[in-house]
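The values are calculated or read from the model by the stated rules, or taken from the named source; none is laboratory data. Since this is a predicted model, take the numbers as computed values, not measurements. Glycine gets a Cβ as well: all are built from the backbone with ideal geometry, and neighbour counts include every protein chain shown. Just the protein is used for accessible areas: all its heavy atoms, side chains included, with ligands, DNA and RNA removed. Shrake-Rupley method; radii C 1.70, N 1.55, O 1.52, S 1.80 Å.
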Amino acid sequence: IDEFQHQPKLSPAISAVRDQRNYNVNNASLVYVPSNYLKKIVEGWGKQSDKIVVINNGVALDDEPHKKLSMPDTNLLTIIFVGRITNWKGIDLLLLAIKNVGGVEVKICGDGPELTACIELNKKLKNTNVLFLGKIPAADVKTHLRKADVLVLPSLYEGLSHTVLEAMAYGVPSIISNVGGNPELVSHGYNGLLFDPYDYVQLQECIIKLRDSRNYLAELSSNCYKFVEDFDKFITYKQVEELICSKQ
């Protein structure tokens, strides 16, 4: 998406859509975005900076805020991915990263156009510790997320991930790619780990680091609770309400 913003040659159809987008944005009295990263994107469309308001995404805080503070004494690291399985979500990187890595199990929650391709890739890699759950009810996703040790999100683009916030609310740290709005949520070594996009070896190193240090994982989990308090959905609702009322 970052490269696309500066791509000079586009088809007539895409150019027309981009022109319409720019017209709509620049004629709006105000633009509301969930991250500083997206603010910069909209500024690139010609919108004045003072006409763009950042209000972060919000999340429901966990009603069992201490469940992750004491990690079980085991070397088995439970990894979860939650999201739509598309080519920019980087599932292939995760599958490559865990090849020949013992002591981990992976649950992939979600459906999408790349699901079949990911299943086939996993067969070729001979990973026997991956479970593709497909599209499951939200309540089941919540249950799996609560039980996970770490969320892995190897996306090539994220605005400001609700999934990462939801994981933090359950005390689940994230290993995520250093792209888009991700660095606004995860401080490397504090409440999660960042890795370079496309670099599955670096992702593998992050996974092994958390697998081999339960105390470090517990520390990250504790910091997730502290960080996510500022993203309480009721704070966000209030900010949006005040923003709308101020323009009436």
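HIS144 passes every criterion in (1) open to solvent by 10 Å² or more (accessible area, probe 1.4 Å); (2) closer than 24 Å to GLU205 by Cβ; (3) in contact (Cβ under 8 Å) with a residue 60 or more places away in the chain; (4) in contact with a strand residue (DSSP E or B) (Cβ under 7 Å, 6 or more places away or on another chain) apart from (2).
Return yes or no: is CYS206 in contact with a strand residue (DSSP E or B) (Cβ under 9 Å, 6 or more places away or on another chain) and within 19 Å of VAL106 (Cβ to Cβ)? Taking the combined requirement at face value, the residue satisfies it.
Tallying residues that are outside any loop (DSSP other than H, G, I, E, B) and over 9 Å from PHE132 (Cβ atoms) within the stretch 110-122 yields 4. Taken over the stretch 234-248, the criterion of being open to solvent by less than 100 Å² (accessible area, probe 1.4 Å) and either within 24 Å of the chain's Cα centre (by Cα) or among the β-branched types (Val, Ile, Thr) (or both) is satisfied by ILE235, THR236, GLN239, VAL240, ILE244. Of the helices (runs of 4 or more DSSP H) entirely within the stretch 1-93, those holding at least 2 residues that are farther than 29 Å from ASP230 by Cβ and either at pLDDT below 90 or more than 23 Å from the chain's Cα centre (by Cα) (or both) occupy 2-5, 12-26.
Rundown of residues vs (1) under 28 Å from SER222 (Cβ atoms); (2) touching a helix residue (DSSP H, G or I) at 6+ places or on another chain (Cβ under 8 Å); (3) aliphatic (A, V, I, L, M), yes/no style:
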{"residue": "LYS99", "(1), (2), (3)": "no, yes, no"}
{"residue": "ALA139", "(1), (2), (3)": "yes, no, yes"}
{"residue": "LEU153", "(1), (2), (3)": "yes, yes, yes"}
{"residue": "MET168", "(1), (2), (3)": "yes, yes, yes"}
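Of everything listed in (1) part of a helix (DSSP H, G or I); (2) on the phi > 0 side of the Ramachandran plot; (3) not hydroxyl-bearing (Ser, Thr, Tyr), the single unmet condition for PHE227 is (2).
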